[in-house]
1. Considering only the range 38-65, state which residues are part of a helix (DSSP H, G or I) and surrounded by fewer than 22 Cβ atoms within 10 Å (Cβ to Cβ).
2. Please go through the range 23-60 and give me each residue that is closer than 21 Å to Lys117 by Cβ and small (Gly, Ala, Ser), ordered by number.
3. List pairs: first residue in the range 140-165 and surrounded by fewer than 16 Cβ atoms within 10 Å (Cβ to Cβ) and modelled with pLDDT of 95 or more, second residue in a loop (DSSP other than H, G, I, E, B) and β-branched (Val, Ile, Thr) anywhere in the structure, Cβ distance under 6 angstrom, at least six positions apart or on different chains.
4. Can you say whether Ala76 is aliphatic (A, V, I, L, M) and without any contact (Cβ under 8 Å) to a residue 24 or more places away in the chain, as far as the supplied structure shows?
5. Would you point out which residue out of Glu18, Glu24 is among the acidic types (Asp, Glu), modelled with pLDDT of 85 or more and assigned to a helix (DSSP H, G or I)?
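The values are calculated or read from the model by the stated rules, or taken from the named source; none is laboratory data. It should be emphasised that the depicted structure is a prediction, and the values quoted were computed from it without experimental measurement. Here Cβ is always computed from backbone atoms with ideal geometry, including for glycine, and neighbour counts include all displayed protein chains.
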Amino acid sequence: MRQNVEEHLEWLEERIRELDHEIEQLSQTQDDWRSRIVLLKSAPGVGNVISTTLVAALPELGKVSDKRISTLVGVAPFNRDSGKYRGTCTIWGGRARVRAVLYLGAFVAVQHNPVLKAFYTRLLAQGKAKTVALIACVHKLLRILNAMLRDGKPWDATTLVIEGN
């Protein structure tokens, strides 16, 4: 039984490698996709999975406002207020697959991206929960990537640090 499971896992891993290679080949055949992927991958912490997912599943990236793109992905905080009642802010809706990829990518980005690392550390120092701080980093990363594609400029940490939080 164990040998069958191990053989199946090996087959799955091989299939994943084949599909990754196929996705890479397909993304290189489209000029527009290739240029967008190169721009996105210039940001520290953004690799093949995030860049190809964003280009394929979020064609609006770089073409709409930051507020609109955040809503499309589902990382814009929505207030649950009514009258004098002050509820919590939550995120919901949007494209769950894109949000999930960005969320997992944010784990890497807060370690390797100096701008997001400083932002994450500052939020934790302010007493924010780790999940809340990570979602804020997802939101910030998405807005940065949107601006990079909109302006057609690669990652530039000096501009981001000067322009604010």
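1. Selection gives Val38, Leu39, Lys41, Asn48, Val49, Thr52, Thr53, Ala56, Ala57.
2. Of everything in the range 23-60, those that are closer than 21 Å to Lys117 by Cβ and small (Gly, Ala, Ser) turn out to be Ser42, Ala43, Gly45, Gly47, Ser51.
3. Close Cβ pairs satisfying both conditions: none exist.
4. No, not satisfied.
5. Glu18
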